[in-house]
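S.K.: Before I ask anything, here is the structure I am working with.
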Amino acid sequence: MKTARTAVRAPLTRAAPHRPCQAPPSGYRRRMADDLFPVDDARAPHELDLFRDAMPFGARVGDDEFRVFPAGEDRLAALLTLIEEARATLDLTFYIFENDKVGVRVRDALAAAARRGVEVRLIIDGFGSSDTDEAFFADLVEAGGDFCRFSARRSVRYLIRNHQKIVIADGRRAMIGGFNVAEAYFAPPAENGWHDLGMTIEGPAVTPLQHYFDRLHAWTQNPRAQWRTIRRLIREWDPGKGKVGLLLGGPTSRLSPWARSVSFDLKHGERLDMIMAYFSPAQSLLRRIGRIARKGQTRLVMAGKSDNGATIGATRLLYGYLLKRRAKIYEFLPCKLHTKLIVLDDRVYIGSANFDMRSLYINAEIMLRIDDAAFADRMRAYVATHIAYCEEITPAVHRARATPLNRIRWALSWFLVPWSTIPSRAASISGSRPQLLCAQNRWHGGIFQYSMVWSIVPKRPLRKSSTLARNW
């Protein structure tokens, strides 16, 4: 049987138009995020100076053409090119769309497209973009564009997050990734911009993305739309059986297609590479990562900088378990990390979803799964380019950090970050009730922690399971 030919091309690193990151002064003791016990950085200070975002690179998998944009300036150029070259339709949804220089450029490009006769539809999240008012989009609306907010009303839908980032031009070219429309998501490492990925798509994979957007837009515009409609859309979504699959995530009573797919692949996986902005998965997924790590085939690049120290603390709580199972853990230091990339055997996951409770079980997310060995090797090489600019978290480093006070703070972070708003959201949904899917009594390095994961389900008796494990 013939297999699809794959072409992978591009230089590995950027030749350096960006200014270098600021190197720490000699003798500097790093105090990252919420650490109260700094750890010496034994590496040479000039090492962080060398980091550059990679040049764009591409691949062809079957009939689909992909191009990956690691650098913010290239992502912004690709986004504006999609908008400027659109001739018939433009469909976009973003979690954050800020009123800043980048937001103005993108908005003006959309308004210009609408004036030349392109049908423009824009969805922004009501929570993520709450600081951007309707007046900011007045020019777009006056030009004939359509603008609406996901969960705009303080009602059933207000606390449901649409964390997706999608751009579709003429129904045949698209762009997805983890980036939002704001200056920080396109700024270089030297300015502590968010280190992220964007990817353009041209080919058959755009068709299901367009179908999904059409249904999402219709649901968002309908003031009487029922939440169960979007839940059913996510739950019943079929990503297909080809090399490229579109996966949706969201708060369903069962695992969403995104959570179900990555859970299955972790269960059967042999090798794992990950760059992840926010990492605090459920215990079942953590165990599956630990099983792969025992084989010596796991590299995890985590955030060393963020705008939210609690997310870093929640991640660090899990290091002890993973290190005991021989996982290689690295914290990325040059700038804030916002990348969402998983390379699992010959499969690549890329899109909007973090590997935490909210992105796995709660937020509306979109991920592309690409099953191709050559593309997986290329993305694995991309992961490897980050290692030199990270601090390796060895058992000794972790023990030095894990003071009793830090362990308490990490445990609180793990407990609070995933579900701080979920019970109140659940209680507000008509015809549903908050269901406790998992209650865990867990022992983390001498700390007894009680954690809960909630889901929105039709009214029926609650289910509860409890486990006690000395994993840390």
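The values are calculated or read from the model by the stated rules, or taken from the named source; none is laboratory data. This one's a predicted model, so the numbers in the text were calculated from it and none came from an experiment. For neighbour counting, all protein chains shown are included, and Cβ atoms are generated from backbone atoms with ideal geometry for every residue, glycine included.
S.K.: With SER155, SER151 as the choices, which residue is on the phi > 0 side of the Ramachandran plot and modelled with pLDDT under 95?
M.R.: Working: SER155 fails: on the phi > 0 side of the Ramachandran plot.
The unique qualifying residue is SER151.
S.K.: Against the condition under 28 Å from ILE387 (Cβ atoms), acidic (Asp, Glu) and at pLDDT 95 or above, how does ASP64 come out, does it pass?
M.R.: no
S.K.: When only residues in the range 169-183 that are among the hydrophobic types (A, V, I, L, M, F, W, C) and closer than 20 Å to LEU341 by Cβ count, which is farthest from the chain's Cα centre (by Cα)?
M.R.: ALA174
S.K.: Are any residues in the range 261-301 touching a Ser or Thr at 6+ places or on another chain (Cβ under 7 Å) and either surrounded by fewer than 19 Cβ atoms within 10 Å (Cβ to Cβ) or among the hydroxyl-bearing types (Ser, Thr, Tyr) (or both), and if so, which ones?
M.R.: Residues satisfying the conditions are TYR278, SER280, LEU285.
S.K.: For ARG299, work out the one condition from (1) in a helix (DSSP H, G or I); (2) among the charged types (D, E, K, R); (3) in contact with an Asp or Glu (Cβ under 6 Å, 6 or more places away or on another chain) it doesn't fulfil.
M.R.: In the conditions (1) in a helix (DSSP H, G or I); (2) among the charged types (D, E, K, R); (3) in contact with an Asp or Glu (Cβ under 6 Å, 6 or more places away or on another chain), ARG299 misses (1) alone.
S.K.: Exactly one of (1) in a helix (DSSP H, G or I); (2) basic (Lys, Arg); (3) touching a strand residue (DSSP E or B) at 6+ places or on another chain (Cβ under 8 Å) is unmet by ARG287. Its number?
M.R.: Unmet for ARG287, out of (1) in a helix (DSSP H, G or I); (2) basic (Lys, Arg); (3) touching a strand residue (DSSP E or B) at 6+ places or on another chain (Cβ under 8 Å): (3).
S.K.: Turning to a different aspect of this structure: List the residue pairs whose Cβ atoms are under 6 Å apart, where the first residue sits in the range 55-75 and is within 24 Å of GLY171 (Cβ to Cβ) and assigned to a loop (DSSP other than H, G, I, E, B), the second is at pLDDT 95 or above and not charged (D, E, K, R), and the two are 6 or more positions apart or on different chains.
M.R.: Correct list of pairs: PRO56/PHE69; ASP63/GLY203; ASP63/PRO204.
S.K.: Give just the number: which of (1) out of contact with any His (no Cβ under 8 Å at 6 or more places or on another chain); (2) closer than 24 Å to HIS338 by Cα; (3) in the same structural domain as ARG172 (by TED's automatic domain parsing) does PRO204 not satisfy?
M.R.: (2)
S.K.: Identify the single condition in (1) crowded, with 24+ Cβ neighbours inside 10 Å; (2) touching a His at 6+ places or on another chain (Cβ under 9 Å); (3) farther than 19 Å from GLY177 by Cα that ASP345 does not satisfy, given that it satisfies every other one.
M.R.: (1)
S.K.: Do any residues in the range 96-110 that are more than 10 Å from THR132 (Cβ to Cβ) and in a helix (DSSP H, G or I) have Cβ atoms under 6 Å from those of residues that are at pLDDT 95 or above and of a type in the set (Val, Ile, Thr), where the two are at least six apart or on different chains, and which pairs are they?
M.R.: Short answer, once both residue conditions are applied: VAL106/VAL181; ALA109/ILE83; LEU110/VAL120.
S.K.: Consider PHE264 against the criteria (1) of a type in the set (A, V, I, L, M, F, W, C); (2) without any contact (Cβ under 8 Å) to a residue 12 or more places away in the chain; (3) closer than 19 Å to ILE176 by Cα: it satisfies all of them except one. Which criterion is unmet?
M.R.: (3)
S.K.: Suppose we filter ALA327, ALA411, ALA396 for residues that are without any contact (Cβ under 8 Å) to a residue 40 or more places away in the chain, over 20 Å from the mean Cα position of the chain (by Cα) and crowded, with 21+ Cβ neighbours inside 10 Å; which single one remains?
M.R.: Result: ALA327 is the single residue among ALA327, ALA411, ALA396 that is without any contact (Cβ under 8 Å) to a residue 40 or more places away in the chain, over 20 Å from the mean Cα position of the chain (by Cα) and crowded, with 21+ Cβ neighbours inside 10 Å.
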